[in-house]
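One structure is given here, and the rest of the page talks about it.
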Amino acid sequence: MRQGTGTDGRDDPPSAGSGGARCPVALPPRGDTGADTPWDALRDRHGGLVPVEVGPGVPGWLLLGYRENLQALRDHTLFSADPRPWGAEDAAPARSAALARDGEEHRRLRAAVVDTLARADTPRLVPVVERAAVHLLGRVAADGAADLIGGFAAPLPALVLNELFGLPDAYGRLLADLAPRLWSGEPDRAGPAATAVRSYFAGLVARKRADPGQDMASWLLAHPAGLTDDEAAGALALLWESGHEPTTHLIGNALLRLLEDPGVWTAYLGGTLTPEDFIDYVMWTDSPIRVLGGRYPVEDLSFSGARVRRGEPLLLGLASAHTDPSVARGDDAMARAGDRSHLSWGAGAHRCPATGLTRELARTAIDTAVDRLRGMVLAVEPEELRWRASLAVHGLEELPVWFTATGERAGSDAPVRERAPAPVTRRLRRKRGPAPRGARYQAPLAGEDGERAREERPAPAPRSRRVARGAGARYQAPFATERADPDALERLLAAWRSRD
């Protein structure tokens, strides 16, 4: 039996009785009260990992220590990310091939994703995020009150990625509508949503294969790796599925931290706490993902004092790892400045490839909300906030706020109304591309007249594939008037709209 690595960096001897019968620990999900799982108590009692059930009758382990989690993420010689050899597909969440494979297959698919993401750099990304964020906030600006989860943080990633994929905004609203249904845990809602999501990405690939453009979907299809349609659809689905909820709750948790902690608010707006350090601080203290599935020992081994059998599922306890005394530094934001060793992005060969995109999206969203919603405060007491009842996801159901009402309410297709700028009394810094926007919280393109939210017009109809009729018919209609049939995406959008 192979020996795993213990928290002191040495091989662990098997603990007494570790090979016998074990009693899985029941882990309650986080409830509406906000009471957290007692990670410290679990570590004190069980050490670096604890036996659990990852599904009904499916034994597995939850990793509690920082070193245990880090080793499982990094050491591909002992731990596989691929559930197929162990027959664990049903126990693991559905993921694309790029995330759940090992070896050369994973490297080929990941390279295509990484190269594609590199082309969506800051100068290209920031205006897309700002435009979507300003549009969403403009819809509530006149109300003086908003839910910053349902009305802002939740739809924003879908709108942004949809535009980066090269589709009109109507499909972004469709994707934003599908997200809460897909992860609702209710079969009657999640089932149809999952089918629609598959149709969205299959239709996206088909459209961009036929009519490529300057967008992420087209770049991925043109990559030298030569992805098939199924591989490309899976990779694009990965970017959305694995990033939507974490990005939503990174934005929500960061805004809540600013609203709850005057010291953090002052340091952030004053420039003492940089946007990069603030994002990492939130990832340490309020990471949107608490538990992540998906590692399998390739052989029987002794790991942190426990005998773990080949193929037994391991759950990565990221929230527990971040409170491990070996790395914990409390809630002092400045003490965490520059510390990027948290595990929220993963580690090793399967580290999140979209870290840069997620950072920039979250930073821009936070800046825009702080700038647009002047005088923002929580609308309820912190203890009244409702948290997601989930062991995996750490996020709010709603984030109700009050702020100074400004301007007129913008409709879904209305232009964003610009306000007269308020006096700036704080130090503003912002990492920018070449676009001429000086102040950190300046509205996008505020000096240009006629700035409008992107119109939601349907995609250009593809050329008709109908065969022209023989020439000479006396009453033959002109060929140019023949209308092409709607493509898969148009049919999906029409079908989804007809449900309401």
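Bear in mind these aren't lab numbers, they're just calculated from the coordinates by the rules spelled out. Since the model is a prediction, treat every value here as computed from it, not as a measurement. Note that we place each Cβ from the backbone using ideal geometry, even for glycine, and neighbour counts take in every protein chain shown.
How high is the relative contact order of region 103-402? Use alpha-carbon pairs under 8 Å, at least six apart in sequence, and give a whole percent.
Working: 385 pairs, mean separation 73.4, N = 300.
That works out to 24 percent.
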>> Only sites in a loop by DSSP and with at most 15 other Cβ atoms within 10 Å count here; which chymotrypsin sites (Phe, Trp or Tyr not before Pro) in region 160-259 make the cut?
In response: none
>> Quick check: net charge around P382, other residues with Cβ under 12 Å of its Cβ, Lys/Arg +1 and Asp/Glu -1?
In response: -3
> If you project the alpha carbons of region 182-251 onto the principal axes, what extent comes out on each, in Å, largest first?
Replying inline: 39, 27, 18
> Can you list residues whose amide H is under 5 Å from F79's amide H, if they're 5+ apart or on another chain and H is modeled 1.01 Å from N?
Replying inline: V298
>> Give me a comma-separated list of calculated 3J(HN,Hα) values for region 42-50, in order, Karplus coefficients 6.51, -1.76, 1.60 applied at θ = phi - 60°, integers in Hz, x for any Gly or Pro.
In response: 5, 5, 4, 8, 10, x, x, 8, 9
>> Run the numbers for T355 and R209: contour at 0.36 nm per residue of separation, minus the present Cα-Cα distance, in nm.
In response: 49.9 nm
>> Amide H of A146 versus every other amide H placed in the peptide plane: which residues, excluding those fewer than 5 positions away on the same chain, fall under 5 Å?
In response: V401
>> If amide hydrogens are placed 1.01 Å from N in the peptide plane, which non-local residues have theirs closer than 5 Å to the one on L49?
In response: L64
>> From the phi angles alone, apply the Karplus equation (6.51, -1.76, 1.60; θ = phi - 60°) to region 56-62 and give each ³J(HN,Hα) in whole Hz, x where the residue is Gly or Pro.
In response: x, x, 10, x, x, 9, 10
> Can you give the relative contact order of region 219-356 as a percent, counting alpha carbon pairs under 8 Å and 6+ residues apart?
Replying inline: 21 percent
>> With 10 angstrom as the radius, rank T37, T272 by how many other C-beta atoms surround their C-beta, starting from the fewest.
In response: T272, T37
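Counting residues in region 209-367 as N, plug N into 2.2 N^0.38 Å and put the Cα Rg over that result.
Numbers: Rg = 19.0 Å, N = 159, 2.2 N^0.38 = 15.1 Å.
Dividing the Cα Rg of region 209-367 by 2.2 N^0.38 Å gives 1.26.
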> Projected onto the charge dipole of region 103-402 (+1 at Lys/Arg Cβ, -1 at Asp/Glu Cβ, origin at the Cα centre), which of W402, G234, L250 gives the Cα projection farthest towards the positive end?
Replying inline: G234
> In region 103-402, if every C-alpha pair distance is counted and binned at 10 Å from zero, what percent goes to each bin?
Replying inline: 6, 25, 34, 24, 10, 1, 0
>> With just the Cα atoms defining each centre, how far is region 317-332 from region 119-192? Give it in Å.
In response: 31 Å
>> In whole Hz and in residue order, list the ³J(HN,Hα) couplings for region 113-123 that follow from phi through the Karplus curve 6.51 cos²θ - 1.76 cosθ + 1.60, θ = phi - 60°; x for Gly and Pro.
In response: 5, 4, 5, 5, 5, 4, 7, 8, 7, 4, x
